[in-house]
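Nothing in this text is a laboratory measurement; each read-out follows from the coordinates by a stated rule. This structure is a prediction, so every number in the text was calculated from the model and none was measured. We place every Cβ from the backbone using ideal geometry, glycine too, and count neighbours over all the protein chains shown.
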Amino acid sequence: MTAPTPWWENDPELEEIRRRTAEQFGIDLDAARSAEPGDSDGFDDLEDLLVVEDEPEDPDPVMVEFLVGRCRAELGVARDVLADAKMRYDAAVLGARAAGYSWGEIGNVLGVSKQQLHRRFRTRQRGRP
């Protein structure tokens, strides 16, 4: 008595997914199907299954990001650097005020108006709550 065929073996949707995947990876499905499990006569190694093509000149940026995660790491570094820069900026402005510089003098150095600086820092001056 033969075992019944599992449902997934002949499912057309799964067959299409298999076909697209094999096409993407350059696998010859007919050659892979003709080999019996444990039969090494048809294949010496995986190279016999693969259709060797030239590698693309530019790697897929989405796949590179998926594998390496460079953009995600870079975003984290940028976030940290920006937070650090904001803290240094605030400390420099407050330090200049404590040293006796006017809002106008600080604004000239930073390239912003004294009104903008005063609005942002008036409640944060050293010695004030």
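Points to keep in mind about this one:
- Estimated translational D of segment 60-126 in µm²/s (Stokes, Kirkwood radius over Cα pairs; 10 °C; 1.306 mPa s): 112 µm²/s
- Computed E for E16/V64 - FRET, C-beta separation, R0 22 angstrom, nearest 0.05: 0.25
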